[in-house]
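The values are calculated or read from the model by the stated rules, or taken from the named source; none is laboratory data. In this text the structure is predicted, and so the values were computed from the model without any measurement. Here the Cβ positions follow ideal geometry from the backbone for every residue, glycine too, while neighbour counts run over all protein chains shown. The area values use the complete protein model at the heavy-atom level, side chains included, leaving out ligands, DNA and RNA. Shrake-Rupley method; radii C 1.70, N 1.55, O 1.52, S 1.80 Å.
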Amino acid sequence: MGPLGVPRAACPPVRSDKTDTGGQAARGTPKQALTLSSSLLLLFVFVSALFLVRLGHRDLYSSHEARAAQNAQRMLDAGEFGLPVLFDGQADLQKPPGFYWLVAAAGWIRGGVDPWAARLPAALAGLLAVGAVFVFLRREGRPVAAVVAAVVLATAAHFTGVARTARIDVPLTAAVTVSLLAFYRGCEAAGRTRLGWHLLSAVAAAGAVMLKGPIGVALIGPAAVAFLVVRPKPTNGRRWACRRLPLSSIALGTAVVIILALPWFVWANHATGGEFFRVFVLHHNVARFLGTSPTLATYPAWYYVPRFAVDFLPWTPALALLVGWAVRSGRWREDGPLRFGLVWFAVVFAVLSAAKFKRSDYLLPAFPGAAIALGCAAESWLATRTYPRTVRAAKWGFGLVIAGVAIGWLVMTYHVEPAEQARQEKRPFAELIRARAPAPHTVLLFRAESHLLAFHLGRPLHTLVEWGELNDRLGEPGPHFVVMPPEYVYPAERIVTVRRLVVVANLHDHSPGKPPRPLVFLRTAD
């Protein structure tokens, strides 16, 4: 019998540690063991370099990064880790605090939140996801699949890029990955071992909820159920390897997720007087899924098809060809991990495609499933090749693609990212503002939602959106300092009646690149 309870003849023909057919790793001799260890070390170094080298070489350059940095730094400054709060004192109710806790921990180690600390949790989460995929397939007796899947996931263009930014999506992907892989392992075990794996799956699912809310369970639950549905009945007498999940595992998983995640949501809603439910649950979850909010764009159901084809490069052609071969040859029915990866990818893809509001980052939790499917299909395909020249060509092709990824990484890190950073740069403008309005002077942000500028300005800040609020604030004694988009400068001359505002500086004069959203710094006339 094979490792998943199917006959050996139905499994990819090479499983022994003593063979090296089709690229299988051998461990039969000390020399082979040394080669294997060296290869794994090289893989670890390569993947770590992709995610960690020059991680903090550029400043924060997006709203997501700056918002995470603000929330985390505010937690460290105030010692309050319940609700995420921005520098202007507004509660940030778009996401649960899980990711901000991680950034705050990195910032605490660094002595303050900087670009490196803000991005470190996502980079480590990327390493965790890649490592989990590798270890899972190695434990399944699939060494070639493990290497291929790990490299594919680590080098898929969008996964690598987002893992190097302070965004929640890669940590969410890591939580989904650990949860689904632990669920699979639990379904292959019995007794306490099964419960242990399912406990780990539930803890990871609770982590996904604390990172991004109900979507964590919405991705994990359907994929797990679908896996049980398509799973063949056992033929080797292992009664626990069945299509039905034991009641004990269901009860344990449900209880763990509720105990670990639900209390914070109940507390947050109470602490905000119900505002959390309205903003986070109704707007950022229900309205995004149904497309009922006029402030959120909607996209067609097929949006992720071309998006994934681009974001999974350079592996999209290989995925299509090798998975297509596995389906046509019937291998997917006999190969448990391959079938699991396909179900994972298809279900997550379908769930996210059903939502009206879409972003390319949202699809990242489907990437590990695609990588597992590709790795297993590649191993099976190699094992069925009868010509050594074909195997060598495949190895060389794999190596050339990796070399191309390394070159692309260098181009992105040393040329593309600095150019984008120049366009988004806010630090010099913030330093000029604080030179004219040092703390404890409050900088007023009027209809200028620039989290990056706010992070560099530091506190105290105050955000205004109505002209009446601006009039009232400028009517108070003392000098006042305002940042607003340039289109409001002329209307301010007519609408603001209590004090006259004079222009001090423009963002484009203090930015190395052309900013996509210009801003103007003004102060009240003496």
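Points to keep in mind about this one:
- One residue alone among A373, A394 is under 25 Å from E140 (Cβ atoms), among the small types (G, A, S), without any contact (Cβ under 8 Å) to a residue 60 or more places away in the chain and assigned to a helix (DSSP H, G or I), and that residue is A373.
- Counted residues, the range 413-438 - those being part of a helix (DSSP H, G or I), open to solvent by less than 10 Å² (accessible area, probe 1.4 Å) and either in contact (Cβ under 8 Å) with a residue 40 or more places away in the chain or more than 12 Å from S511 (Cβ to Cβ) (or both): 3
- So R359, is it open to solvent by 60 Å² or more (accessible area, probe 1.4 Å), under 20 Å from the mean Cα position of the chain (by Cα) and among the basic types (K, R): yes
- Test result for V144, touching an Asp or Glu at 6+ places or on another chain (Cβ under 7 Å), open to solvent by 10 Å² or more (accessible area, probe 1.4 Å) and under 23 Å from G341 (Cα atoms): yes
- Filtering R459, R473, R523 for residues that are surrounded by 13 or more Cβ atoms within 10 Å (Cβ to Cβ), modelled with pLDDT of 90 or more and assigned to a loop (DSSP other than H, G, I, E, B) leaves a single hit, R459.
- Residue check for L363: within 30 Å of P294 (Cα to Cα) and part of a helix (DSSP H, G or I): yes
- Yes/no for A448 being open to solvent by less than 50 Å² (accessible area, probe 1.4 Å), small (G, A, S), under 15 Å from L507 (Cα atoms) and at pLDDT below 95: yes
- Residue within the range 177-188 that is more than 15 Å from G336 (Cβ to Cβ), touching a Lys or Arg at 6+ places or on another chain (Cβ under 9 Å), modelled with pLDDT under 95 and of a type outside the set (F, W, Y) present: no
- Criterion violated by V348 - all others in (1) touching a residue at least 12 places away in the same chain (Cβ under 8 Å); (2) over 23 Å from L128 (Cβ atoms); (3) not hydroxyl-bearing (S, T, Y) satisfied: (2)
- Any chance L374 is within 22 Å of T160 (Cα to Cα) and either surrounded by 13 or more Cβ atoms within 10 Å (Cβ to Cβ) or out of contact with any helix residue (DSSP H, G or I) (no Cβ under 7 Å at 6 or more places or on another chain) (or both): yes
- The set of residues in the range 476-504 being β-branched (V, I, T) and crowded, with 17+ Cβ neighbours inside 10 Å consists of V482, V483, V496.
- The listed residues are L262, L321, L338, and the only one of them that is of a type in the set (A, V, I, L, M, F, W, C) and in contact with a Phe, Trp or Tyr (Cβ under 7 Å, 6 or more places away or on another chain) turns out to be L338.
- For the range 238-257, the criterion of a residue being touching a Gly at 6+ places or on another chain (Cβ under 9 Å), open to solvent by 70 Å² or more (accessible area, probe 1.4 Å), in a helix (DSSP H, G or I) and at pLDDT 90 or above is satisfied by no position.
- Just so you know, in the range 194-228 the residues that are of a type in the set (V, I, T) and farther than 12 Å from Y184 by Cα include one that is surrounded by the most Cβ atoms within 10 Å (Cβ to Cβ), and it is V209.
- Selection of first residues in the range 439-458 that are in contact (Cβ under 8 Å) with a residue 60 or more places away in the chain and closer than 15 Å to L474 by Cβ and of second residues that are in a loop (DSSP other than H, G, I, E, B) and open to solvent by 10 Å² or more (accessible area, probe 1.4 Å), restricted to Cβ pairs under 7 Å at least 6 apart or on distinct chains, gives the following pairs, ordered by first then second residue: L445/D88.
- Tallying residues that are farther than 16 Å from L342 by Cα, loosely packed, with under 14 Cβ neighbours inside 10 Å and either in contact with a Ser or Thr (Cβ under 9 Å, 6 or more places away or on another chain) or touching a residue at least 24 places away in the same chain (Cβ under 8 Å) (or both) within the range 301-321 yields 3.
- Filtering the range 78-106 to residues that are over 18 Å from A166 (Cα atoms) and touching a residue at least 60 places away in the same chain (Cβ under 8 Å) leaves G82, L83, D88, G89, Q90, A91.
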